[in-house]
1. Give just the number: which of (1) basic (K, R); (2) out of contact with any Lys or Arg (no Cβ under 8 Å at 6 or more places or on another chain); (3) open to solvent by less than 40 Å² (accessible area, probe 1.4 Å) does R202 not satisfy?
2. Report, by residue number, each residue of segment 117-135 that is touching a Ser or Thr at 6+ places or on another chain (Cβ under 8 Å) and open to solvent by 20 Å² or more (accessible area, probe 1.4 Å).
3. Taking the residues in segment 184-227 that are of a type in the set (G, A, S) and touching a strand residue (DSSP E or B) at 6+ places or on another chain (Cβ under 7 Å) as candidates, determine which candidate is nearest to P281 (Cα to Cα).
4. Please go through segment 20-56 and pick out each residue that is of a type in the set (K, R) and over 18 Å from P71 (Cβ atoms).
5. Would you confirm whether any residue within segment 107-128 is charged (D, E, K, R) and more than 28 Å from K31 (Cβ to Cβ)?
6. Of the residues L245, L180, which single one is open to solvent by 70 Å² or more (accessible area, probe 1.4 Å) and either among the aliphatic types (A, V, I, L, M) or on the phi > 0 side of the Ramachandran plot (or both)?
7. Taking only pairs six or more apart or across chains, which ones have beta-carbon atoms under 8 Å, a first residue in segment 228-247 that is in contact (Cβ under 8 Å) with a residue 60 or more places away in the chain and within 12 Å of H287 (Cα to Cα), and a second residue that is in a strand (DSSP E or B) and hydrophobic (A, V, I, L, M, F, W, C)?
8. Could you please find all residues in segment 122-135 being without any contact (Cβ under 8 Å) to a residue 40 or more places away in the chain and of a type outside the set (S, T, Y)?
Amino acid sequence: MSFVEYSDCIQDGDVAIVYLGHESMTPVKVKRGAQTQTRYGVIRHSTDLIGQRYGSKVTCSKGGWVYVLHPTPELWTVNLPHRTQILYTTDIATITMMLELKPGSVVCESGTGSGSLSHAILRTIAPTGHLHTVEFHQQRSEKVLEEFKEHRVDHLVTVRNQDACKDGFGVTGVADAVFLDIPSPWEAVGHAKAAMKKHGGRVCSFSPCIEQVQKTCEAFSDQGFEDINSIEVLLRVHDVRTVYLPLPDFGPDPSAQIQPDSTITPPQNHASIAIKTTIPPRDVQGHTGYLTFATKPRT
């Protein structure tokens, strides 16, 4: 099992996602002889998981059942242990697209946090790319490195425990893209420029406050970056429903000729027609943060 390569069957040592319902999932480290307790009963790893295909329905000891899913960055985002505030799929998808990431890209990231974005980047740049991620907090950097090894993506990533604002990213002239998620990103813009390749590249900064955005934009401009723009992504999920509308009654056809001896049929009750429609949400998820993008010009 790897977060960047799909495996058919569950093996000892894998991380699997136990799906109890749309709002109830949990990651499980598969270990021979171990057990996992759920509200539907016990899952025995040796007999219920190891050797089974991912996506299988597993019956628990109480008779209930769950699905066992292959881990993906999207599933990990909604199931990971929170050590910091994290980015979710809506922002992650926009970042991946706007930074123009692809297999083979070299990316610098600060800070690593809980690793939500890191896993998505690794899946995108595999199998030949590399992620250089910087985390200021020592315990968080050690924990995320442990998770990368557990998820078998550690060959694609280098984790450094240092301050990106003071010490940079530990590399120079290699990055195709840089991502900043730190309290004062404007202090790291110079280091981001130094880490990027001479032929240019893209940089993104995530900030919750507009004052941070203003300072970061000024720093981008002072460092010679171009195409500076900030966006905010808000997700609106529309509910698809079936509604029934009555067919209109236009009366008898005036062009039809009525025979003298014919009888007029009394009007019938018109049936309804079923159609699919969407209902906008009453409550919309609010502000998460601003994404500021810029381009390093070719030199």
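The values are calculated or read from the model by the stated rules, or taken from the named source; none is laboratory data. Here the structure is a predicted model, which is why all the values come from computation and not from measurement. Cβ sites come from the backbone with ideal geometry, for glycine too, and all protein chains shown count toward neighbours. Surface accessibility is based on the protein's heavy atoms, side chains included, excluding ligands, DNA and RNA. Shrake-Rupley method; radii C 1.70, N 1.55, O 1.52, S 1.80 Å.
1. For R202, the exception is condition (2).
2. Selection gives R123, T124, H130, H132.
3. S207
4. Result: R32, R39, R44.
5. Scanning segment 107-128, I find at least one residue that is charged (D, E, K, R) and more than 28 Å from K31 (Cβ to Cβ), so the answer is yes.
6. After applying the criteria, what remains is L245.
7. I231/L291; I231/F293; V233/L291
8. I125, G129, H130, L131, V134, E135
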